[in-house]
Amino acid sequence: MIQEINKEDLAVLKSSFLSLEIVRKDLNENPFGHYLAYIENNNILGFLYYSDIYERAEINQLEVCASYRNQKIASKLLEIMITTVQKNITLEVKIDNVIAIHLYQKFKFKQIGIRKGYYNGIDAVLMERKN
């Protein structure tokens, strides 16, 4: 099941790969931040953290627990986010993360630039999906 996580949910949720303290901090400090999570038995198997900033949205992080990858969890999270925000969406992804780039291209994200050395010396691809 996919749901948006709020601060109250953190008391009952668990995750082996996502720090719930970081989620709490993000939700407290980022008034534009939203966490969508794929949850089974109160365990977060994947999440999409994004910021809905006035005229656009930005994907901050999309991650699925390694043992649950290749089960369309990331695709389902992206579908919900795209349907929810209904505006232009941007993101940065490591240039060598071919799997993620292909996923975003499947959802009509286009490369619009390169950020040199963005990830500790590794270039980032800047992508955008127009609504």
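General remarks:
- Segments classed as strands (runs of 3 or more DSSP E), wholly inside the range 27-131, with at least 1 members that are within 13 Å of the chain's Cα centre (by Cα) and outside the structural domain of Val12 (by TED's automatic domain parsing): 88-94
- Residues (of a type outside the set (Val, Ile, Thr) and either surrounded by fewer than 23 Cβ atoms within 10 Å (Cβ to Cβ) or touching a residue at least 60 places away in the same chain (Cβ under 8 Å) (or both)) located in the range 51-62: Ser51, Asp52, Tyr54, Glu55, Arg56, Glu58, Asn60, Gln61, Leu62
- If only residues of the range 8-25 that are of a type in the set (Val, Ile, Thr) and not in a loop (DSSP other than H, G, I, E, B) are counted, the one that is surrounded by the fewest Cβ atoms within 10 Å (Cβ to Cβ) is Ile22.
- Inclusion of Glu92 among residues that are under 19 Å from Asn131 (Cα atoms), among the charged types (D, E, K, R) and buried (at least 18 other Cβ atoms within 10 Å of the Cβ) is warranted.
- Output for the range 81-131, where each listed residue is of a type in the set (A, V, I, L, M) and without any contact (Cβ under 8 Å) to a residue 12 or more places away in the chain: Val98, Ile99
The values are calculated or read from the model by the stated rules, or taken from the named source; none is laboratory data. Keep in mind that what you see is a predicted model, and the values were worked out from it rather than measured. With ideal geometry, Cβ positions are generated from the backbone for all residues, glycine too; neighbour counts draw on all protein chains shown.
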